[in-house]
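This report concerns only the one structure given below.
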Amino acid sequence: MAIRTLILAFLLVIGLAVPANAADDYFALGDSYSSGLGAGKYGTSGKCKRSVNAYPQLWVNEHAGTKLTFLACSGATTADVMTQADSINPGATLVTLSVGGTDAGFSDVMVTCVLNSAQACANRVATAQKFITDILPGRLDAALAKIKAKAPNARVFLLGYPHLFADGGSCGFSAGMRNAINAGADTMAAVESERASTAGVTFVDMRPPFIGHNVCAAGSQYLHGIASPLEESFHPTKAGQFGYFRALAMVTDG
């Protein structure tokens, strides 16, 4: 055991990746899509809504010996993620996060779109898209740079957001609303992919894994529609968090 510890320490010192089967020191940052809002069983996490069914915990369940520091919190912005990053120690080997939706006004977009016309929805999404292209990149750059500085030897994964709605089907949401919101997710994915690449972070596109499982899809749904409690609306279900876990495992474990 002592020899293995020395080998891992040496790999970190010289900047080589730790083998995938090594026990990770894992920091899970981010917003509600990483905390697990919508997946139930939040324990004593209060307003952060950290679920035992969230993908960080699922990842740890499948990787024995991993030490998890679960900091993701519902409603977190890029500024909040920078505060979360203060807790990362230099020995961290794995960091995951989802962020940007709160900055872009996700909740207000959804309220506007559900309660108003398709045109009002399109207008609100357009405002969010302008924010995503004009303002969010700088905020993402700052957050990712801080994470990389705090955890220079860690694998860092920025997990994106899925299309909320299926392209077809009938479920009470207009085609105009669905198309506008999905277009907003496309804008977010394009920006996050670019900023992650620039920062040396791996972007995990969550749109493909959710195809056929979106709201209005005929298959098993990975996302809540309008839910009770209301705060869980348009967030991943327990199955959706497993979808996040599976996508993460594919890039971390190969």
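The values are calculated or read from the model by the stated rules, or taken from the named source; none is laboratory data. If you're wondering where the values come from, they're calculated on a predicted model, not measured in any experiment. Neighbour counts run over all protein chains shown; Cβ positions are idealised from the backbone, glycine included. Accessible surface areas use protein heavy atoms only, side chains included; no ligands, DNA or RNA. Shrake-Rupley method; radii C 1.70, N 1.55, O 1.52, S 1.80 Å.
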| field | Within region 216-231, tally of residues that are touching a Phe, Trp or Tyr at 6+ places or on another chain (Cβ under 6 Å) and at pLDDT below 95 | value | 1
| said: Among the numbered criteria (1) within 24 Å of residue 133 (Cα to Cα); (2) under 14 Å from the mean Cα position of the chain (by Cα); (3) surrounded by fewer than 21 Cβ atoms within 10 Å (Cβ to Cβ), which one does residue 74 miss? | reply: (3)
| said: I need a count of the residues in region 206-229 that are of a type outside the set (S, T, N, Q) and either within 21 Å of residue 98 (Cα to Cα) or in contact with a strand residue (DSSP E or B) (Cβ under 6 Å, 6 or more places away or on another chain) (or both). | reply: 13
| said: Need pairs with beta-carbon distance below 8 Å; first residue over 24 Å from residue 77 (Cβ atoms) and within region 107-123, second outside any helix (DSSP H, G or I) and open to solvent by 50 Å² or more (accessible area, probe 1.4 Å); sequence gap 6+ or separate chains. | reply: 118/174
| query | Which ones in region 186-211 are buried (at least 18 other Cβ atoms within 10 Å of the Cβ) and outside any helix (DSSP H, G or I)? | reply | 201, 203, 204, 206
| region 212-254 - residue that is surrounded by 16 or more Cβ atoms within 10 Å (Cβ to Cβ) and on the phi > 0 side of the Ramachandran plot and, of those, farthest from the chain's Cα centre (by Cα) | 216
| field | Filtered residues of region 129-154 (kept if touching a Leu at 6+ places or on another chain (Cβ under 9 Å) and crowded, with 23+ Cβ neighbours inside 10 Å) | value | 140, 143, 144, 147, 154
| Residue count, region 156-181 (criterion: out of contact with any strand residue (DSSP E or B) (no Cβ under 6 Å at 6 or more places or on another chain) and either free of Cβ contacts under 8 Å to residues at least 60 places away in the same chain or of a type outside the set (Ser, Thr, Tyr) (or both)) | 18
| request: Kindly provide the set of residues from region 143-168 that are of a type in the set (Gly, Ala, Ser) and assigned to a helix (DSSP H, G or I), ordered by number. | output: 143, 145, 149
| request: Among what's in region 85-124 and is open to solvent by less than 40 Å² (accessible area, probe 1.4 Å), touching a strand residue (DSSP E or B) at 6+ places or on another chain (Cβ under 8 Å) and of a type in the set (S, T, N, Q), pick the residue that is nearest to residue 182 (Cα to Cα). | output: 98
| request: Go through (1) part of a helix (DSSP H, G or I); (2) farther than 29 Å from residue 53 by Cβ; (3) not aromatic (Phe, Trp, Tyr) and name the single condition residue 90 misses. | output: (1)
| query | Out of (1) within 23 Å of residue 151 (Cβ to Cβ); (2) free of Cβ contacts under 8 Å to residues at least 12 places away in the same chain, what's the single condition that is false for residue 228? | reply | (1)
